Amino acid sequence: MSARPQPEALTPDLQTEIRQRFNRVAKALPGFVSRPSQRYLIGAVARALTVPAGVLVAEAPTGTGKSMAYLLAGLPVALALKRRLVIATATVALQEQLVLRDIPAFLAASGLVAKVVLAKGRQRYVCVRNLHELLQDDSKLPQGGLDFGAQSLRGQWPRAPAAGEVQTLTELRAALDARQWDGDLDRTPQPVAEASRRLITTSAGGCSNRRCPHLLQCPFVLARNHLQDAQIVVANHDLVLADLSLGADEDGSGGVLLPSPKESLYVFDEAHHLPIKAIERGSAELHLGDGRRRLARLAAPLRAAFLQSDKERIGRLRAEEVDELLDRLVEGYDALLISIQQAWQPASGESEPIWRALLGELPDDWRSRAQELQIHSGILVRWLPQALKSLLESDLPADRRETQARELSLAHERLLSHHELWRLWALEDRAEFPPVARWLRRAPDGDLILHASEVSAGPVLRRLLWSQGASVVLTSATLSLAGDFRNFAAQVGLPNHAETLCLPSPFDLHKQASLIVPSLAAMPDQADAHARAIAGWLDGELDWRSGNLVLFTSRSKLEATLAQLPEPRRSRVLAQGSRSKSALLEAHSAAVKAGLGSTLFGLASFGEGLDLPGQLCETVVITQLPFAVPTDPVGATYAEFLESRGRNAFIEVSIPQATRTLIQYCGRLIRGEGDRGRIVILDRRLVTKRYGGQILAALPGFARDIHP
């Protein structure tokens, strides 16, 4: 273990400042309860954020007040060091809670003044250019003085508009023009269908940036400008990781979407999600047939870049060399497709067949072709920005120049994703580290989709986060296994100098709730019998007059159990998917408050972040241990790597993951000192399997009632 850096910036004056702000909050915030665990967390956060490259991993159970703790320590430190406090969450619900409730309450009570900005990615905002182009009409076109009667829409639609779609988008544009809406697609004046939403957003490659005639009205640009003087930035894990991977904005000026790491102090709340978010950041995919068709269509616009700039060379390439590169790429795609088809014939009847490379090792000819494609695509990826610059400096009319520039930008964006796939397919895995997972699947339309992904978050976070030298706090209610952080540390590649902290629950869990594992006639692998057993237990043992939450690991088990319930019980169930989440929770709350009782049936998303205090949730039923699906290509590749080294993937990966998820599910029950209830787990593997005792020991300290 390397020596832990000392917090030189945590001066006596700064310590006094934090204590004074804490005392003000304790007096001014209604219902504030001072807890030892929260005070300890404040000190640990302050230490980590005042150390260069300081890292804290803090497990803070429900009720600790962790958001207030990292705000009380983080903002005074950020102001003192002239840094920004960047808070990243995994869910929209926590983002909204922080921005709309927690941070305003903290600022009002503490007396601190800070500008708070909610940062979102480009595709969470409307693209004004795309919206206007969709809504162009014949009245704007020259018609020689002729009137052809009813107006017909001729906007740039890639398909025929659905019924009412044009009217909805017209009303959106009117609200935007009247400044009654800020362009945030999460807060539209009226619901917008997902199909419409895709048409009125844009990616970085599709954005015209400073060339856009709507730049001054662009919601994304206006929102990003607000970041300039913000002291607190709230974002999500994906955006922060994407920002760290950019290192420079799309104009190459050295800026980033968020404040740079040198200017930032990071707090990752809901940090148990960080490993999977990081793995997703280290992945790539390519639709082989579609990618090949797009490459073939690139020849004309790339040659046009030479004609319009009147240059023999752009950068180091001549037009014929660019043509040759495109030809080699298209030929390489064709050759790889033939090679794959010769080596792999999916079994008939499979809806979406998958082939996965054992230990990530591709056939030699596939890998050699990927190496060639990586080289050729890399040359084009580096050349395209020069072609774009040359085009923008040409004498083309502005509208044509903009259209072709946008086409080149999109081509660059797509080719970057191709290049990343080829890089991961061509990469030579080091024997001492887990290999890259590599697989392919056949889509319903027959196209082959090639995939690659890191199998561990460690390499990704070492590259994006730990190497940046920023101070980082990771916090969640579920990071350790009974206080042991080794599994999580291995997952995220935690630096040796990181501090870990496991805080006790502020509640008297042993008195407030019980954990019950009842006798049950069937095991989860007996799907139909287990569904009947669950329904039987619910029918006879659940208090249907109170508020209940029943969690399932699959939609099929949920529906099978619901079908087995007697009709009077079934009518009292609110099942996830039957209506929107907010509508379900409103109906549940209304029924419980009316004394009628209500039972929610939900999947994994209902097992986390759902706040059902008091009578709204007096029993949580967990129907099955939440083990991950073993066929996942990323997990399967990592498991093979462990097994190849004589290690047990089930013990090292599956059990810890399931245990942390189970702890999250248990966290739905006790939300305050006055809550009472029971956790019921209808999976007898906790009793019959050796690992069951290990899982039970890691669960919160409820009173136990384990039936033999």
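The values are calculated or read from the model by the stated rules, or taken from the named source; none is laboratory data. Please read all numbers here as calculations on a predicted model, not as lab measurements. Cβ atoms come from the backbone with ideal geometry, glycine included; neighbour counts cover every protein chain shown.
Below, the figures for the structure above:
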{"quantity": "Qualifying residue in region 104-123 (condition: of a type in the set (V, I, T), touching a Leu at 6+ places or on another chain (Cβ under 8 Å), surrounded by fewer than 23 Cβ atoms within 10 Å (Cβ to Cβ) and without any contact (Cβ under 8 Å) to a residue 60 or more places away in the chain)", "calculated": "yes"}
{"quantity": "Enumeration of residues in region 564-580 that are free of Cβ contacts under 8 Å to residues at least 12 places away in the same chain and assigned to a helix (DSSP H, G or I)", "calculated": "E567, P568, R570"}
{"quantity": "Selection from region 305-320 of residues that are assigned to a helix (DSSP H, G or I), of a type outside the set (D, E, K, R) and either surrounded by fewer than 19 Cβ atoms within 10 Å (Cβ to Cβ) or without any contact (Cβ under 8 Å) to a residue 12 or more places away in the chain (or both)", "calculated": "L307, Q308, A319"}
{"quantity": "Failed item, numbered, when V192 is tested on (1) within 20 Å of P261 (Cβ to Cβ); (2) not in a helix (DSSP H, G or I)", "calculated": "(1)"}
{"quantity": "Within region 261-304, tally of residues that are assigned to a helix (DSSP H, G or I) and either within 32 Å of the chain's Cα centre (by Cα) or buried (at least 22 other Cβ atoms within 10 Å of the Cβ) (or both)", "calculated": "23"}
{"quantity": "Flag if L616 is surrounded by 16 or more Cβ atoms within 10 Å (Cβ to Cβ), within 20 Å of H272 (Cα to Cα), assigned by TED's automatic domain parsing to the domain that holds L596 and at pLDDT 95 or above", "calculated": "no"}
{"quantity": "Residue in region 339-355 that is among the charged types (D, E, K, R) and either farther than 27 Å from A452 by Cβ or in the same structural domain as S203 (by TED's automatic domain parsing) (or both) present", "calculated": "no"}
{"quantity": "Some residue of region 669-676 being surrounded by fewer than 20 Cβ atoms within 10 Å (Cβ to Cβ), at pLDDT below 95, on the phi < 0 side of the Ramachandran plot and among the β-branched types (V, I, T)", "calculated": "no"}
{"quantity": "Members of region 403-447 that are buried (at least 19 other Cβ atoms within 10 Å of the Cβ), over 18 Å from P385 (Cβ atoms) and not basic (K, R)", "calculated": "L421, W422, L424, W425, A426, P434, P435, V436, A437, W439, L440"}
{"quantity": "Number of the exception - L558 against (1) part of a helix (DSSP H, G or I); (2) within 21 Å of A698 (Cα to Cα); (3) touching a strand residue (DSSP E or B) at 6+ places or on another chain (Cβ under 6 Å); (4) not acidic (D, E)", "calculated": "(2)"}
{"quantity": "Residues satisfying the stated conditions in region 48-61, i.e. buried (at least 24 other Cβ atoms within 10 Å of the Cβ) and touching a Gly at 6+ places or on another chain (Cβ under 7 Å)", "calculated": "A48, L49"}
{"quantity": "Residue tally, condition part of a helix (DSSP H, G or I) and more than 20 Å from L551 (Cβ to Cβ), over region 661-690", "calculated": "2"}
{"quantity": "Residue match in region 394-414 (condition: of a type in the set (G, A, S) and without any contact (Cβ under 8 Å) to a residue 60 or more places away in the chain)", "calculated": "yes"}
{"quantity": "Residue tally, condition under 22 Å from E59 (Cβ atoms), more than 30 Å from the chain's Cα centre (by Cα) and part of a loop (DSSP other than H, G, I, E, B), over region 691-708", "calculated": "2"}
{"quantity": "Subset tally (residues that are crowded, with 19+ Cβ neighbours inside 10 Å, closer than 11 Å to A426 by Cα and of a type in the set (S, T, N, Q)) for region 337-395", "calculated": "1"}
{"quantity": "Residues (farther than 23 Å from E454 by Cβ and without any contact (Cβ under 8 Å) to a residue 60 or more places away in the chain) located in region 484-507", "calculated": "D484"}
{"quantity": "Yes/no for V472 being within 21 Å of T661 (Cα to Cα) and either in the same structural domain as A73 (by TED's automatic domain parsing) or modelled with pLDDT of 95 or more (or both)", "calculated": "no"}
{"quantity": "Selection count, region 614-636, where residues are part of a helix (DSSP H, G or I) and farther than 30 Å from R438 by Cβ", "calculated": "3"}
{"quantity": "Residues located in region 363-395, provided they are of a type in the set (S, T, Y) and within 20 Å of R328 (Cβ to Cβ)", "calculated": "S368, S377"}
{"quantity": "Residues (among the hydrophobic types (A, V, I, L, M, F, W, C), without any contact (Cβ under 8 Å) to a residue 40 or more places away in the chain and under 30 Å from S417 (Cα atoms)) located in region 167-208", "calculated": "V192, A193, A195"}
{"quantity": "Helices (runs of 4 or more DSSP H) contained in region 29-101 and holding at least 3 residues more than 19 Å from G111 (Cβ to Cβ)", "calculated": "36-49, 92-97"}
{"quantity": "Residue within region 373-394 that is out of contact with any Gly (no Cβ under 6 Å at 6 or more places or on another chain) and assigned to a loop (DSSP other than H, G, I, E, B) present", "calculated": "yes"}
{"quantity": "Candidate set from region 184-215 (those that are at pLDDT below 85 and polar (S, T, N, Q)); member that is surrounded by the most Cβ atoms within 10 Å (Cβ to Cβ)", "calculated": "S208"}
{"quantity": "Cross-chain or 6+ apart pairs with Cβ under 9 Å, region 523-537 first and in a helix (DSSP H, G or I), then of a type in the set (F, W, Y)", "calculated": "I534/F552"}
{"quantity": "Residues within region 588-613 that are more than 28 Å from the chain's Cα centre (by Cα), of a type in the set (A, V, I, L, M, F, W, C) and either buried (at least 16 other Cβ atoms within 10 Å of the Cβ) or not in a loop (DSSP other than H, G, I, E, B) (or both), tallied", "calculated": "3"}
{"quantity": "Qualifying position, being within 23 Å of the chain's Cα centre (by Cα) and either over 29 Å from D508 (Cβ atoms) or assigned by TED's automatic domain parsing to the domain that holds A235 (or both), among A93, A109, A105", "calculated": "A93"}
{"quantity": "Cross-chain or 6+ apart pairs with Cβ under 9 Å, region 268-285 first and more than 13 Å from V634 (Cα to Cα), then part of a helix (DSSP H, G or I) and of a type in the set (F, W, Y)", "calculated": "D269/Y70; A271/F488; H272/F488"}
